[in-house]
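The values are calculated or read from the model by the stated rules, or taken from the named source; none is laboratory data. Only a predicted model underlies this, so the values are computations on that prediction, with no experimental measurement involved. Positions of Cβ are generated from backbone atoms using ideal geometry, with glycine treated the same way; all protein chains shown enter the neighbour counts.
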């Protein structure tokens, strides 16, 4: 077991709370490394996580560290790791703008923002609804996350994958900023698309990142 990973989860949990991406009981974070999964305990306050509120489970599902039961979304995290590989990090959170899109069942998409196209291909897709805490919550999201690094969960929130916990957090943070900016632009009458040919340049940057 790696206490540095436990402390990183505590740090990112606090940053999620400070960025208003979770409230007291919302959200869950995990890291998979060396056959162990580190995940926040159920209903743990992300703003003030203790070391014993990070549960560590071995490959057989036996809890080897942590005082409380793991998040009820443990299965969702496991399935993402099965789809993406046995090392990495997953964050499920409820950033306000991304969650609003998820509640409406609408993808975040635009051809106006260069950074959005370069980082997300110009679209953050919405997975079909699945009941939280059950395998259904992630079934359709896996179809998205095998190709993309972030997905919206219909009527629920957002799910991000990264090679590291920090990378997953930065993806969520960046996506939330884009969603907020687009919402503001559309109140002003809608964003102006990039000049002809420009989207393709940033799409190529996105494709290169995916290789």
Residues of the range 21-45 satisfying the condition of being over 12 Å from residue 2 (Cα atoms), in contact with a strand residue (DSSP E or B) (Cβ under 7 Å, 6 or more places away or on another chain) and without any contact (Cβ under 8 Å) to a residue 60 or more places away in the chain: 39, 40, 41, 42
Those residues of the range 27-70 which are closer than 23 Å to residue 177 by Cβ and in a loop (DSSP other than H, G, I, E, B) amount to 27
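Can you report the number of residues in the range 26-35 which are surrounded by fewer than 17 Cβ atoms within 10 Å (Cβ to Cβ) and touching a helix residue (DSSP H, G or I) at 6+ places or on another chain (Cβ under 9 Å)?
Going through the range 26-35 one residue at a time, the tally reaches 2.
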Kindly indicate whether any position in the range 36-45 is more than 18 Å from the chain's Cα centre (by Cα), surrounded by fewer than 23 Cβ atoms within 10 Å (Cβ to Cβ) and within 17 Å of residue 163 (Cα to Cα). yes
Need a quick list: helices (runs of 4 or more DSSP H) entirely within the range 104-200 having at least 3 residues that are in contact with a strand residue (DSSP E or B) (Cβ under 7 Å, 6 or more places away or on another chain), at pLDDT 95 or above and on the phi < 0 side of the Ramachandran plot. 165-187
What is the number of the single condition among (1) under 21 Å from residue 172 (Cα atoms); (2) over 15 Å from the mean Cα position of the chain (by Cα); (3) part of a helix (DSSP H, G or I) that residue 24 does not meet? (3)
Please determine whether any residue of the range 169-181 is free of Cβ contacts under 8 Å to residues at least 24 places away in the same chain and closer than 19 Å to residue 100 by Cα. yes
